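Colleague: Okay, here's the structure, questions in a sec.
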Amino acid sequence: MRIGFIGLGRMGTGMAASLIRAGHQVTVFNRSAGKAAPLLGLGARQAGSIAEACAGEVICTMVADDAALEALACGEHGIVAHLAPGTVHVSCSTISVAMAQRLTGLHAGAGQQFVSAPVFGRPEAAQAAKLFVVAAGAAPALECCAPVFDAIGQRTFVMGTRPADANLVKLSGNFLIAAVIESLGEVLALTGKAGIDAHRYLEMLTSTLFTAPVYQTYGDLIVAGKARPAGFTAPLGLKDVTLALQAAQDLRVPLPLGSLLRDRLLRLVAAGDDQVDWSAIAGLAAQDAGLPARPGPAASG
């Protein structure tokens, strides 16, 4: 399949590499052209413009937020202006429900197809083609995109025909991850203040009550104090929790815990380090308890 791919951050680079390894013809585009170099070595072709990246059967985008995707998709030089009728735009970005709804309308108006397919997994999962894909859109568009999803992920969950539903599911999932990080930080502060060994405590938790990978992944990061390099930065976490709260407000659903998580992440971002992993909010609970920062390459707090 001929696939265009726009957005070569850590996640996008891993996803594009997986598509190439699966045998697809991948044309990549990024505002900072130098980020394409590793993919060119794998056999990717570099596009000189958004229009050139739109020449395939599918165009995938993986960017940071609504503003970045709007800049790529809208306007006279955007994806909507250059995508051929019937071609599919697959947005893998974590964006707002409102933005997904807007893009659905814009593409439909141009005779194109739009699919939301955000993913769960950190950059190492993207590199290993082990992401979980949450997809929504019209059935023919989803069928067209199936080879893309198979190449980047270990399983695809179809949420329905409305693309925005996949974005709401993704935001709800990230909200839950943030809640896990906060709760782990609090219980580690509680037991740590009592002198209980953090490694033994985490081993007990992840071997009994909480065996899900999210507890192991983030528990290890928190106990080791490894907030850098960031797999997912605090500003992105703040953005996602804020978008979840916006969606909840639109649906008139209170999310009391979401307000706490937003304030935790805002406090972390206010400290001025935009490159710290969002797991560092666990260190705020330790600070509140009067505990010293955990040792590590980049101790949170």
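Colleague: With respect to Gly192, determine if the residue is in contact (Cβ under 8 Å) with a residue 24 or more places away in the chain, surrounded by 24 or more Cβ atoms within 10 Å (Cβ to Cβ) and closer than 30 Å to Asp288 by Cβ. Lay out the reasoning, then the answer.
Modeller: Numbers: in contact (Cβ under 8 Å) with a residue 24 or more places away in the chain: yes; surrounded by 24 or more Cβ atoms within 10 Å (Cβ to Cβ): no; closer than 30 Å to Asp288 by Cβ: yes.
So Gly192 fails the test.
Colleague: Can you pull out the helices (runs of 4 or more DSSP H) entirely within segment 54-140 that have at least 3 residues that are farther than 17 Å from Asn174 by Cα, of a type in the set (D, E, K, R) and not assigned by TED's automatic domain parsing to the domain that holds Arg10? It would help to see each step written out before you state the result.
Modeller: Values: elements: 66-73, 79-82, 97-109, 123-127.
Those helices (runs of 4 or more DSSP H) do not exist here; none qualify.
Colleague: Another one. Can you tell me which residue among Ala108, Ala117, Ala129 is at pLDDT 95 or above, among the small types (Gly, Ala, Ser), crowded, with 24+ Cβ neighbours inside 10 Å and in contact with a strand residue (DSSP E or B) (Cβ under 8 Å, 6 or more places away or on another chain)?
Modeller: It is Ala117.
Colleague: Only one of (1) among the hydroxyl-bearing types (Ser, Thr, Tyr); (2) assigned to a helix (DSSP H, G or I); (3) closer than 18 Å to Gly173 by Cα is not met by Thr211, so which one is it?
Modeller: (2)
Colleague: Hey, can you tell me all the residues within segment 211-245 that are crowded, with 20+ Cβ neighbours inside 10 Å and of a type in the set (Asp, Glu)?
Modeller: Asp240 - this is the single residue of segment 211-245 that is crowded, with 20+ Cβ neighbours inside 10 Å and of a type in the set (Asp, Glu).
The values are calculated or read from the model by the stated rules, or taken from the named source; none is laboratory data. For clarity, every value in this text was computed on a predicted model and none was experimentally measured. All Cβ positions, glycine included, derive from the backbone under ideal geometry; neighbour counts span all protein chains shown.
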